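So the structure is just underneath, and the comments pick up after that.
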Amino acid sequence: MIIVGVGGGIAAYKACSLVRHFTEAGHDVRVIPTESALKFVGAATFEALSGNPVQTGVFESVPEVPHVRLGQEADLVVIAPATADLMARAAQGRADDLLTGTLLTARCPVVFAPAMHTEMWEHPATRANVATLRERGATVIEPASGRLTGKDTGAGRLPEPEEIGLLADLLLENPAALPRDLEGRRVVISAGGTKEALDPVRYLTNRSSGKQGYALARLAAQRGADVTLVAGNTVGLAAPSGVHVVRIASALDLRSAMTEHAADADLVIMAAAVADYRPAEVATTKLKKGSDGRSEQLESITMIENPDVLAGLVDARARGDLRPETVIVGFAAETGDDGGSVLDYGRAKLRRKGCDLLVLNAVGDGRAFEVDENSGWLLGADGNETALPLGSKTAMAGRILDAAVERVAAAGTGAAR
Ligand SMILES: Cc1cc2nc3c(=O)[nH]c(=O)nc-3n(C[C@H](O)[C@H](O)[C@H](O)COP(=O)(O)O)c2cc1C
């Protein structure tokens, strides 16, 4: 059974979509709002969506002792939105309503999705409460930045329900999936395909959706890192919460953004699909068809090679433009052929690029690109090779980060990456 706790914030309405997310996946859901939450969304809405009764106090349905029973029976508790007040009460171990009482009896993973004004989020009292809750094993999701109540914007916005649902699903599968092991680390990740302009209306791109890079950025931020996501062409993905997004178009843009942001990074992950070639010339006016209905320029586009951004970052590290301990992770999408298997090509690529880890995906037959699942291998420059079983791109991001974090920690001690 999943408990969705709802605090009295303006974002309480988003809890409705979260309840839907869980019921549609087949879970039994109990909604426990606070008294204040019911000023924003009525009990009837939560009862209808969850199919279960809703109460806020400990003196209702007393013979069933709900303040003890619900927590004991829960597989997961997700509180969205978690108000400043609710986190303060939880951090103090209070049990003055059904939700806080439930938090004291729950032994399952507990997720707080905070939502409040930036000033409240940054206040030392809230920071201390968040730290206490995390120390005790709860997951406190990094809030998003954006429009808050009224006209102001800043950090403290509730992440979209899909994102909370995704992180909650991950914790349901593996309660240890979001350790704070990247706290104090700078992580720079590229994602998506590049766009190579041909003229003002046309460009060449590739089938990369950006989903794997976005999943990596999302998890790295939730594991405590300060994350910059250099994003190219993606399939309309929402920016992950707590991540600084830098938009780029071409491979040359990508190279400058990565060089700039990677300079002080602990970990750099090149998940973007960079075009190998770009049109030699970019027309300033639209390339038009002649009176015969044909365009010589469009029929014979001359292409020139793009820089190898990943190998360039490895060289920059060797030159001292990046910190020597920066761990660099590359991606390779390969197909096997008569010349060798996917693994053969992956190993050769790892040697050629000189990065510390290579995520190797077998592509073709609808695999890897644009879909939500992925599989492959993790090849380490140290000779370690791990198979990545077929799973969600989020689950794969977790595995990649586990291996990268190990190397980041080792690099900090001067050991071999
Ligand atoms: C319109 C309105 C919006 C509010 N939004 C938030 C919010 O987003 N986050 C927050 O921490 N408190 C917010 N508050 C304040 C809380 O409602 C207040 O602290 C309340 O005591 C929280 O109770 P609870 O934590 O038991 O739900 C808001 C209050 C009002 C009137």
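The values are calculated or read from the model by the stated rules, or taken from the named source; none is laboratory data. Not measured: the values here are computed from a predicted model. When we count neighbours, we look across all protein chains shown, and the Cβ atoms used for this are built from the backbone with ideal geometry, even at glycine. Side chains included, ligands, DNA and RNA excluded: accessible areas come from the protein's heavy atoms. Shrake-Rupley method; radii C 1.70, N 1.55, O 1.52, S 1.80 Å.
For the range 288-357, the solvent-accessible area works out to 58 Å² per residue, with a probe of 1.4 Å and every protein chain left in place. A 1.4 Å probe run over the protein chains yields, for the range 163-262, 36 Å² of accessible area per residue, whole-number rounding.
Counting protein heavy atoms only, the chain has 50 percent of its accessible area on carbon and sulfur, 1.4 angstrom probe. Of the GluC sites (Glu not before Pro) found in the range 1-91, those in coil by DSSP whose Cβ has at most 15 other Cβ atoms within 10 Å are GLU35, GLU60.
Checking every one of the GluC sites (Glu not before Pro) in the range 109-186 against DSSP loop status and a limit of 16 other Cβ atoms within 10 Å picks out GLU183.
Provide, for q = 0.07, 0.10, 0.13 Å⁻¹, the log10 of I(q)/I(0) from a solvent-free Debye sum over equal Cα point scatterers in the chain. Debye curve over Cα of the chain, log10 I(q)/I(0) at q = 0.07, 0.10, 0.13 Å⁻¹: -0.40, -0.75, -1.09. Under the simplified labelling scheme, the ARG247-VAL235 pair shows an inter-label distance of 2.0 nm, with each label point 7 Å from Cα along Cα→Cβ.
The calculated P(r) of the range 140-213, using every Cα pair and 5 Å bins from 0, goes 3, 11, 12, 15, 19, 14, 12, 9, 4, 1, 0 in percent.
Among the trypsin sites (Lys or Arg not before Pro) within the range 1-102, those in coil by DSSP and having at most 16 neighbouring Cβ atoms inside 10 Å are ARG94. Measuring with a 1.4 angstrom probe and ignoring ligands and nucleic acids, HIS27 comes out at about 70 Å² accessible.
Given all pairs of different Cα atoms, what value in angstroms does the Kirkwood hydrodynamic radius of the range 213-366 take? Its Kirkwood hydrodynamic radius stands at 17.8 Å. GLU305 exposes around 130 Å² of accessible area when a 1.4 Å probe is run over every protein chain in place. According to the Kirkwood relation over distinct C-alpha pairs, the hydrodynamic radius of the range 139-271 is 15.7 Å. The count of lysine pairs in the chain with alpha-carbon distances below 28 Å, taking only pairs 8 or more places apart or on different chains, stands at 17.
The residues packed around VAL227, meaning those with a beta-carbon under 10 Å from its beta-carbon, carry a net charge of +2 if Lys and Arg are +1 and Asp and Glu are -1. Between GLU64 and LYS289, the modelled labels are 6.8 nm apart [label points 7 Å from Cα along Cα→Cβ].
Surface exposure of the range 9-91, expressed per residue as accessible area with a 1.4 Å probe, stands at 45 Å². Hull volume per residue, based on the alpha-carbon atoms of the range 278-417 and their convex hull, is 177 Å³.
Checking the a/c ratio against 1.5 first, then a/b against b/c, what shape does the Cα gyration tensor give for the range 288-358? It comes out oblate by the Cα gyration axes.
Rank SER300, SER190 by accessible area, highest first, at a 1.4 Å probe radius?
Reading off the accessible areas and sorting them downward yields SER300, SER190.
For the range 1-72, a/c is not less than 1.5, where a ≥ b ≥ c are the root eigenvalues of the C-alpha gyration tensor, and a/b does not top b/c. That puts it in the oblate class.
Estimated translational diffusion coefficient (Stokes-Einstein, Kirkwood radius over Cα pairs, 25 °C, 0.890 mPa s) of the range 17-131: 166 µm² per second.
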